[in-house]
């Protein structure tokens, strides 16, 4: 076994005997082995995973300049969708408050000037 594959032994092993990376960072580390020229078959054999799983993990990673970053496009799109919803709700709340303020100002114009 090549020396650079020895660190693969530090990944947690599931009850089925398969190695399961706990984060995208660990997946990125595996992908660095491929970038260093280690054959995918050798990485998969050492990890106890299929090549399909390896390529699936690789597909989820987002390439950023020199290295691999955590996350996936799907996760980022979900976060953007959630933030847009939150923004819309807050915009509605602001509009409701402005409407209430306008009503109060019409009812009591003297207190609005103070």
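Read-outs: derived from the displayed coordinates by stated rules, not from any lab. Keep in mind it's a predicted model, so treat the numbers as computed, not measured.
At full extension, residue 29 and residue 96 could sit 19.1 nm farther apart than now, given 0.36 nm per residue minus the alpha carbon distance. Extension gain, residue 77-residue 56: 0.36 nm per intervening residue step, less the Cα-Cα distance, totals 5.7 nm.
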